[in-house]
Every structure is written in C-alpha cells, then in structure tokens.
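Below: one structure, written as structure tokens.
A short reminder: the numbers here are calculations on the coordinates, not readings from a lab. Computed from a predicted model, the values in this text were never measured in an experiment. When we count neighbours, we look across all protein chains shown, and the Cβ atoms used for this are built from the backbone with ideal geometry, even at glycine.
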Ligand code: DC
C-alpha cells in the first residue's frame, strides 16, 4: 500500500458484504470507513417522518438541501454514527420502512447531488474506504483502488435475513427479505442517475463462497501489489 492519503471505493448490491468488509478493513488499515447507504437512508427516514410524497422529486430535493447530515465515521470498534439535523438516527435508518423506500429516494438527482458533495468532502479530508453503489463510477472516479463485491441473490438474502432476524425468523420473512433485495437491485441498477454499476477499472470479487476474512485477505492482496 502506498504511503500518504489513500482512497478505496467499494461498490456492489445489498448483502454482498460491503459494509462489514469495509469496516473491518478500515479498522486494520487505521483509516476511516464511510457507509454512504446510511446517508440515503437518513434522507429517506426524514421524508417518511415528515410524510413527504416519495414520488415528488422537487420536495425530496428541497428536503435534502434543507438537511444537516453529519457522519461520525467508524473508527476502531466504534461503528459509524449518523446525525440527522443533530439527532442520532443510526438505529432508526435500519427500519423495515426505510429498507422498503430508500431506493425510491436514492433515484432522485437532487438528493444524489447533495450527498455527492458531502461524500467528496469527506474523501478530500481523510484517507477513506467508502462503500456504496456509485463510488468507483461517480463519487471517487480517481480512487486509488476500486472493488466491486457481488454474491448470488440467495446468499445475499440469507445474510440480510440473519442480520435482521437471527434465529427468530420464518420462511415467509426470508422470502420477503429476498424480494426486497431483488426490488432494490432492480431500481438501483436501472435508475437514470449514477446507477449501480461496476467501474471499468474495479476489481470484481464474488463473495458467495467466501468468508469475510477471505474477502479481506483477497482485497489486502491487491493493496500490496
Ligand atoms: O447499502 P445500503 O443497503 O444501506 O443502501 C441503501 C440504499 O441506498 C440502496 O438501496 C441504494 C442507495 N445507495 C445509493 O444509491 N448510492 C450509494 N452510494 C449508496 C446507497
């Protein structure tokens, strides 16, 4: 890994392992991790609380511009926290309602450009591993390293289901998690602005049959070259 400031972009669909892997890798490298999905989630949460029509792009853009979003990056064992207009909403943004609507909000150009600005500012100030959908293609096209993590839908759904329900869920809940992931994949990859796409110069890693530490070792192998 070269000395000095470093930027690492990690993209891919939900459940591919991006956030967990980015957080642990950042911890090992002693740099910060920014989970950009949390930013889209925070805007979605605020829109839901305010009862805004999620098909009204103008209102969503105004809402995003009128929002103070503060990311306290993950460092060491402390996970990333997110402050929405001064209030910690780290837990609230993981709700079922936010899961179901976040892709709709993330389609809106005005919302994306507001968050793009914040994301670039963070990367300009710190050595960072930033994970999302458009980091290697749009947010940090000149990142030092780019990875695109993927896994088959069944595996990604099983991971998400385990995260949400642990051993408490049932088959219907598994199917609903899987359906939500498939719907989000479709919206995220077919939207007009900054769709989920592998950057031409990103390294593709299929995590279906890999453990978290195997993926981390693979990525570290590329950083050392
Ligand atoms: O990574 P996540 O599941 O928390 O992301 C939530 C949603 O946010 C996801 O469905 C797509 C959107 N997103 C995006 O459009 N661009 C990003 N850089 C990160 C997330």
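Packing-based ranking of 151-161, 37-47 yields 37-47, 151-161, ordered from highest to lowest mean Cβ neighbour count within 10 Å. Label positions at residue 70 and residue 201, each projected 7 Å from the Cα along the C-beta direction, are separated by 3.5 nm. At q = 0.10, 0.12, 0.15 Å⁻¹ the log10 of I(q)/I(0) for the chain amounts to -0.42, -0.62, -1.01, computed by Debye summation with a single uniform scatterer per C-alpha, solvent ignored. Between the beta carbons of residue 58 and residue 29, assuming R0 = 35 Å, the FRET efficiency works out to 0.30 to the nearest 0.05. Once the Cα-Cα distance is subtracted from the 0.36 nm per residue extended length, the residue 100 to residue 167 segment shows a gain of 21.9 nm.
Distance from the C-alpha centroid of region 1-71 to that of region 121-136: 9 Å, rounded to the whole angstrom.
A protection proxy built from the mean count of other Cβ atoms within 10 Å ranks the segments 211-219, 168-176, 18-26, most packed first, as 18-26, 211-219, 168-176.
From Cα pairs below 8 angstrom and at least 6 apart in sequence, can you work out the relative contact order of the chain, rounded to a whole percent? Relative contact order for the chain comes out at 32 percent. If the chain linking residue 189 and residue 50 were pulled fully straight, counting 0.36 nm for each residue of separation and taking away their Cα-Cα distance, it would gain 47.3 nm.
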